[in-house]
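Engineer: Shown below is the structure under consideration.
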Amino acid sequence: MLDIKFIRDNVDLVEDAIKNKNETVNLDLVLTLDKEKRKIQFEYDTLRSEQNKISQQIPKLKKKNKDVSKVIDNLKNYSSKVKILASKLAEVEEQLEKELLKIPNLPNSDVPIGQNESDNKFLRDWGDKRKFGFQPKKHLKICKEQKLLDIKRAAKISGSGFVGFQHKGAKLARALINFMLDYHIEKHNYKEISLPVIVNRKTMTGTGQLPKLADDMYHIEKDDLFLVPTSEVSVTNLYSGEILGLEDLPQKFISNSLCFRREAGSHGKETKGLQRVHQFSKVEMVKFVTPDTSYEVLDDLLNDAEDILQALELPYRIISLATGDLSFASAKTYDLEVWAPATERYLEVSSVSNFEDFQARRASIRYRDVNGNVQFVHTLNGSGLAIPRTFIAILETYQNEDGTITIPKVLRPYFNNEKIL
RNA sequence: GGAGAGGUGACCGAGCUGGUUGAAGGUGCGCGCCUGCUAAGCGUGUGUGGGGUUUAUACUUCACCGAGGGUUCGAAUCCCUCCCUCUCCGCCA
């Protein structure tokens, strides 16, 4: 959420940002509602103030055994007027709040401006793509031959877009999760946390998934609960409504969780196999920091994600997302894309973002600065990494001519130090 | 699912026979004083959000005692609904 005061004073800036992010928001309505709200509030406050003052006379008069019926009669007039104003105020406030929640975050000034992903900016790459002395197989073929997945039966029990890992495939997926968690905890000093994947409406609104992305999420109607599309949601909301001490910052959390995405409207597009699935595991990094450090921390976060790919010796590239491709809540995002040599494509395995105070304002996550003033924290997160696509890259990169898979060095401790899957 | 207890400020904890109580008291924390160290003591300050006046400091006002409704001239205090925590019982992975 943006500060209404900021919007008031920077209408042009906000309008540009909305346009660059391909969003449509009725800013005029926001400004009108804001004006209206303040007007009603002033009237309400004034009236209430008078009412309170008169009301406070009653106990005094009663003590002196004086008649208070006239005073009360007078107050009855106030009461009805106050009630009308109060309901008007509540109505306008609700409308304003609703509109404010639809305004996206402002992109940071160094984010490339552009309509869509074709305007994303290549930043750098790492690693040499493997040259094969034989025809490398695509991951789905490998999975089939090695019986690593059971897609058909997963579809039978849940529907298309769900996958089942089995045998060595299940073990490889689990090894990846454990490796990533252990690595971030030991090498990068993250604190592990495991939170619910089913969350309430307020939580979903806090990180910015609601109201915009309602159709992309699984919703349990009976309880009005949602399945998280990423553990960013639960972890970032950990401190919602709280005021942290300066000594509590920064905070670095690492969390593995299942992620659930309806992927509405993306049928037929990369829906085969593992590239785009309704349910998957992801190891997520979430940070809470003071505003002055957040862009430095964004770079750290990017490095932490890169370290995983480097440890796995998987070539990748980093791109900086253009304004039109940025998520609703993000001010700046880097995508990490791993090279899948047989599919011959880069696959997004991590998205690293700085939300500045956008989520903190929505979820009311604050801290007390050196002067004792209450400020919003900055929140950041990054995948470290998404499991299925990392899984793809490993199979394709580490395949051998005889159909076996060499286990990446850093994963071998999770396989009794064996070299072949 | 049933029965009971409860949810108050950073924390503990009064208030809950409705009326100067945004909230006693304590702890913690800030500042000042005193004590040649330490411990202790004294004074004083210390919630969040919104509005208005203001260059700023500041002043002023409204709201907030789990959330939302209701009763009332007036609600932390009474009533209703919901959420959460704890205890006991039942049921079930």
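Engineer: Using amide H atoms built 1.01 Å from N in the peptide plane, name the residues 5+ places from A:LEU244, or on other chains, whose amide H lies under 5 Å from its own.
Structural biologist: A:ARG366, A:TYR367, A:ARG368
Engineer: With springs connecting C-alpha atoms under 10 Å apart, model chain A as a Gaussian network and identify which of A:PHE122, A:PHE288, A:PHE179 has the largest mean-square fluctuation.
Structural biologist: Residue with maximal mean-square fluctuation among A:PHE122, A:PHE288, A:PHE179: A:PHE122.
Engineer: Give the whole-number value, in cubic angstrom per residue, of the convex hull volume spanned by the C-alpha atoms of region A:125-186. The partial results should precede the final answer.
Structural biologist: Numbers: hull volume 9.6 nm³, N = 62.
That works out to 155 Å³ per residue.
Engineer: Sticking with this structure for a sec: Rounded, prolate or oblate: which fits region A:185-327, taking a ≥ b ≥ c as square roots of the Cα gyration tensor eigenvalues, rounded meaning a/c under 1.5, else prolate when a/b beats b/c? Show your work: numbers first, answer last.
Structural biologist: Working: a/c = 1.70, a/b = 1.13, b/c = 1.50.
In terms of gyration-tensor shape, oblate.
Engineer: Separate question: Rounded to the nearest Å, what's the spacing between the alpha carbon centres of region A:185-260 and region A:348-421? Just the number, please.
Structural biologist: If we compute the Cα centre of each part, the gap is 15 Å.
Engineer: Would you mind telling me which residue in A:VAL199, A:VAL352, A:VAL82 has the biggest mean-square fluctuation in a Gaussian network model of chain A, where springs connect alpha carbons within a distance under 10 angstrom?
Structural biologist: A:VAL82
Engineer: Which residues' amide hydrogens lie under 5 Å from the amide hydrogen of A:LYS332, considering only partners 5 or more residues apart or on another chain, with H built in the peptide plane?
Structural biologist: Sorted by chain and number, the residues that satisfy this are A:ASN108, A:ASN354.
Engineer: Connecting C-alpha atoms closer than 10 Å in a GNM of chain A, tell me which of A:TYR367, A:TYR316, A:TYR78 has the biggest fluctuation.
Structural biologist: Largest GNM mean-square fluctuation: A:TYR78.
Engineer: Then there is this: Taking θ as phi - 60°, what are the ³J(HN,Hα) couplings along region A:362-375 by the Karplus curve (6.51, -1.76, 1.60), each to the nearest whole Hz, with x for Gly and Pro?
Structural biologist: The phi angles translate into 5, 8, 6, 10, 10, 8, 9, 7, 4, 8, x, 7, 7, 10 Hz.
Engineer: Please report, largest first and rounded to whole Å, the three semi-axes of the ellipsoid equivalent to region A:4-100, where each semi-axis is the square root of five times an eigenvalue of the C-alpha gyration tensor.
Structural biologist: Details: eigenvalues 384, 26, 12 Å².
Semi-axes from the Cα gyration tensor: 44, 11, 8 Å.
Engineer: Taking chain A as the reference, fit the longest principal axis to its C-alpha atoms, fit the long axis of helix A:294-311 to the helix C-alpha atoms, and give the angle between the two in degrees, 0 to 90, nearest 10.
Structural biologist: 20
Engineer: Under 5 Å between amide H atoms, partner at least 5 residues away or on a different chain: which partners does A:LEU210 have, H built in plane at 1.01 Å?
Structural biologist: When sequence neighbours closer than 5 places are left aside, the close amide H contacts are A:THR205.
Engineer: Right, next: With +1 on the Cβ of every Lys and Arg and -1 on the Cβ of every Asp and Glu, and nothing else charged, how large is the dipole of region A:4-100 about its Cα centre, in debye rounded to the nearest 20?
Structural biologist: Details: 21 positive and 18 negative charges, 253 e Å.
Around 1220 debye, computed over region A:4-100.
Engineer: Roughly how many debye, to the nearest 20, is the charge dipole of region A:101-198 about its Cα centre, given +1 on each Lys and Arg Cβ, -1 on each Asp and Glu Cβ, and no other charges? Intermediate values should be presented prior to the final figure.
Structural biologist: Details: 19 positive and 10 negative charges, 155 e Å.
My answer is approximately 740 debye.
Engineer: Post the alpha-carbon centroid distance, region A:149-165 to region A:274-340, in whole angstrom.
Structural biologist: Comparing the Cα centres of region A:149-165 and region A:274-340, I get a distance of 28 Å.
Engineer: While we're looking at this one, here's another question. Order by neighbour count: A:ASP9, A:ASP357, fewest other Cβ atoms within 10 Å first, most last. Working shown, then result.
Structural biologist: Numbers: A:ASP9 10, A:ASP357 21.
By the 10 Å Cβ count, ascending, the order reads A:ASP9, A:ASP357.
Engineer: Which angle between 0 and 90 degrees, to the nearest 10, do you get for helix A:69-100 versus the longest principal axis of chain A when only C-alpha atoms count?
Structural biologist: 20
Engineer: What distance in nm separates the simple spin-label points at A:ASN373 and A:LEU13, each placed 7 Å from Cα in the Cβ direction?
Structural biologist: 1.6
Engineer: Which GluC sites (Glu not before Pro) in region A:319-393 sit in a loop by DSSP (not H, G, I, E or B) and have at most 13 other Cβ atoms within 10 Å of their own Cβ? Please report the intermediate quantities before stating the final value.
Structural biologist: Details: sites: A:GLU337, A:GLU344, A:GLU348, A:GLU356; in loops: A:GLU344, A:GLU356.
Sites meeting the loop and neighbour criteria: A:GLU344.
Engineer: For region A:117-415, what number results from the quotient of the Cα radius of gyration and 2.2 N^0.38 Å?
Structural biologist: 1.01
Engineer: Quick one: work out Rg over Rh on the C-alpha atoms of region A:281-398, Rh as Kirkwood radius. Walk me through the numbers on the way to the answer.
Structural biologist: Values: Rg = 16.1 Å, Rh = 15.1 Å.
Rg/Rh: 1.06.
Engineer: Would you work out the relative contact order for chain A, in percent, from Cα pairs under 8 angstrom that are 6 or more residues apart?
Structural biologist: Answer for chain A is 19 percent.
Values in this text are rule-based calculations from the coordinates and carry no lab data. It should be emphasised that the depicted structure is a prediction, and the values quoted were computed from it without experimental measurement. Positions of Cβ are generated from backbone atoms using ideal geometry, with glycine treated the same way; all protein chains shown enter the neighbour counts.
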